[in-house]
Amino acid sequence: MKIDFTGTGLMRSSEVSGSDGKVYCAINKVTSSPGNETLTVKVDMAKFARAANDHMIRSLIRNIPSSENIIRVIVEKPVLHIKSEEKAFDKILPDKKLKNTFQSVLSSDFYINDKEKSDFILTVNSNTFKNGTFGNEYMVVIYYTVDLRDNQGNIIFRKTKSGEYSGFSIDAAVNEAYLETQKSIERVIAREITSSVNK
């Protein structure tokens, strides 16, 4: 079968049907904007003719017109739910900085909407702990876990990390810890999440 796709990501332009007559085509990643694409499938008469031993039969098969099957493909971003529990010294913080950062950087690859059925669920848990003082500065350690699962509960991506940060007050140290974690999300973690989904 000859296969043509107007979008990106088609891995092979021809496929052989199985014993059941079904043809499967592999599309790696569609990078086109949400909208419509077209997948066209038709019998490759030239390759089909090669199965015949007789030259005349081969020529006849090659000239048989082949009808096309055209399939409309609707391109949509996967739906992502983001859940977060962000704490400082075991108390829940009112502003969800990590969740907001994930929403901002992942919105180009995912449709983030908690009201629709999810394709993926991203769970973020974080907490800070006092780690003494150094000179005039207060030290805190932040621990956080980022967990991405599909809608069957399979783990797609998981990262657990910690870091030590300081400030001239305990609140400043906590703010610094969360600010640096947000930077890590923007620079590294969001890209790792997208890569894990597109494997």
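For the reader, a short list of remarks on this structure follows.
- Note on region 79-197: semi-axes of the ellipsoid equivalent to its C-alpha gyration tensor, largest first and rounded to whole Å, are 29, 13, 12.
- Magnitude of the charge dipole for the chain, about its Cα centre and with charges confined to Cβ atoms of Lys, Arg (+1) and Asp, Glu (-1), is about 640 debye.
- Mean projected area (nm²) of the alpha-carbon convex hull when the chain is viewed from all directions: 15.5
- Percent RCO, i.e. relative contact order, over region 8-110, from Cα pairs under 8 Å lying at least 6 residues apart: 22
- Between Val73 and Ser196, the simple label model (points 7 Å from Cα in the Cβ direction) yields a spacing of 2.6 nm.
- Using the Cβ-Cβ distance between Lys159 and His55 with R0 set to 41 Å, the FRET efficiency from 1/(1 + (r/R0)^6) comes to roughly 0.10.
- Cross-link table Lys83/Lys199; Lys91/Lys199; Lys22/Lys199; Lys22/Lys117; Lys29/Lys115; Lys22/Lys159, entries beyond 28 Å C-alpha to C-alpha: Lys91/Lys199; Lys22/Lys117; Lys22/Lys159
- For region 93-133, the Kirkwood hydrodynamic radius from C-alpha pairs, put into Stokes-Einstein at 37 °C and a viscosity of 0.692 mPa s, yields a diffusion coefficient of 261 µm² per second.
- Between Lys83 and Thr145, the simple spin-label model (points 7 angstrom out along Cα→Cβ) gives 1.2 nm.
- Calculated on alpha-carbon atoms, Rg and Dmax of region 1-89 in Å: 20.7, 83
Read-outs: derived from the displayed coordinates by stated rules, not from any lab. Because the structure is a prediction, the values reported are computed rather than measured. Cβ atoms come from the backbone with ideal geometry, glycine included; neighbour counts cover every protein chain shown.
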